Amino acid sequence: MINTYKLFLAVPITVIVVVIFVIGVPAVKLFVDVPDYDLYVDAIINKRSSPPIGQVLIQNIGSQPLTNVKVDYGEGDILDLGTLDAKHKMILTPPFNNNMEFVIVTADQNVFVNITYSDKQLTK
């Protein structure tokens, strides 16, 4: 008697959970618009250290890989990263003796980000 009651209760709950998962997960994409190609770049310089220390964070925040990704630190210092997969991020260090004034990051998918360094204390 108790097992039949549990069965009548468990089966409908299981079906409801499966239906919500199958219909609900794809439906979330309708409300959360993630672009195919997008890039987040943050450049930090710690001018209080000697010599100044810089870091550049690059993250593919799109849903597709970015190809032919290049980082231009200025002064002719260019780094070719190749392909950056979706949601992948990297922390880079600018070349030694670079003035660290700006960073330009480009990719084949018409992605172009140009930012200046912000003066912040780097965390250990």
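Rule-based calculations on the coordinates, nothing more; no lab input. Nothing here was measured: the structure is a model prediction, and the numbers come from that model.
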For residue 87, which aspartates and glutamates qualify as cross-link partners when the Cα separation must be under 13 Å and same-chain residues fewer than eight apart are set aside?
36, 38
Can you return the aspartates and glutamates within cross-link range of residue 47? Criterion is Cα-Cα under 14 Å, with same-chain partners fewer than 8 residues away left out.
101, 119
For the range 91-104, 3J(HN,Hα) per residue [Karplus equation, 6.51 cos²θ - 1.76 cosθ + 1.60, θ = phi - 60°, Hz, x = Gly/Pro]
10, 10, 10, x, x, 4, 6, 7, 5, 6, 9, 8, 9, 10
